[in-house]
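Every number in this text was worked out from the coordinates using simple rules, so none of it is lab data. The structure presented is a predicted model; accordingly, all values stated were derived computationally and were not measured. As a convention, Cβ positions derive from the backbone with ideal geometry for all residues, glycine included, and neighbour counts pool all protein chains shown.
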Amino acid sequence: MPQLNVNGRLRECEAEDDTPLLWVLREQLGLTGTKYGCGIAQCGACTVHIDGVAQRSCVRPVSTVTAKEKIVTIEGLAPDAGHPVQRAWDELDVPQCGFCQSGMIMAAAALLKAKPKPTDADIDAAMTNICRCGTYNRVRAAIHLAAGQVQRKQIAIAIQTEGGAA
């Protein structure tokens, strides 16, 4: 039986080779924080980390992931929600409906690991996730807050002056 290294634990799974990793995570391992959005790697709701890199799990066949590769889902990012991105998301009330947010948080965490002090252009290039509620300004502000680049007061002013435009 194949094994996956998920959130620091080896987990057994049984699936057809072409089964998307997303469905193994959700249906077999019960990790439902990773969401299904589009099934074609466009929306990013299914974003997980594989060896520290943000990946869209809806199009990654489970057969292409080995037990040596470390998969991290939203549940494993920081079980106590203490990751800087999660704290910034909470502080700025980023989510509205919340459906896309686990994927957004995972993409943001990968960005900050690669670029600890990202520019707006870095954020725009990395954050290709789709948010139906349009929380993009708050996402950008939360990433800057998590990176320690700005203070909460500066963020409030930036969000207000952008007028909600993405």
With Cα coordinates, the longest principal axis of the chain makes an angle with the long axis of helix 152-162, in degrees rounded to 10, of 80 degrees
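Around Leu10, with a cut-off of 14 angstrom between Cβ atoms, what is the net charge of the other residues, counting Lys and Arg +1 and Asp and Glu -1? Mind showing how you got there, number by number?
Working: positive: Arg9, Arg11, Lys68, Lys70; negative: Glu12, Glu69.
Around Leu10, the surrounding residues sum to +2.
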Over region 3-77: Kirkwood hydrodynamic radius from C-alpha pairwise inverse distances, Å: 11.9 Å
If you place +1 on the Cβ of every Lys and Arg, -1 on the Cβ of every Asp and Glu, and leave all else neutral, what size is the dipole of region 3-77 about its Cα centre, to the nearest 20 Debye? 300 debye
Taking θ = phi - 60°, what integer Hz values does the Karplus form 6.51 cos²θ - 1.76 cosθ + 1.60 yield along region 85-91, in sequence order, with x for Gly and Pro? 5, 4, 5, 5, 4, 5, 4
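Using the crude model of +1 on Lys and Arg Cβ and -1 on Asp and Glu Cβ, and no other charge, please compute the dipole size for the chain relative to its Cα centre, in debye to 20.
Details: 17 positive and 17 negative charges, 94 e Å.
Around 460 debye, computed over the chain.
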As I understand it, the dipole of region 1-88 uses +1 on the Cβ of Lys and Arg and -1 on the Cβ of Asp and Glu, about the Cα centre. Which of Asn7, Leu21, His83 lies farthest toward its positive end? His83
Grab the beta carbon distance between Cys133 and Ala78, set R0 = 22 Å, and tell me the FRET efficiency rounded to 0.05. 0.40
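Based solely on its DSSP helices, what 222 nm [θ] is calculated for the chain when runs of n ≥ 4 H residues each add -39,500 (n - 2.57) and the sum is averaged over all residues, nearest 500 deg cm²/dmol?
On the way: 6 runs with 55 residues, N = 166.
Computed mean residue ellipticity for the chain: -9500 deg cm²/dmol.
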Taking the alpha-carbon distance from Lys115 and a cut-off under 18 Å, which aspartates and glutamates remain once sequence neighbours fewer than 8 residues away in the same chain are dropped? Asp51, Asp124
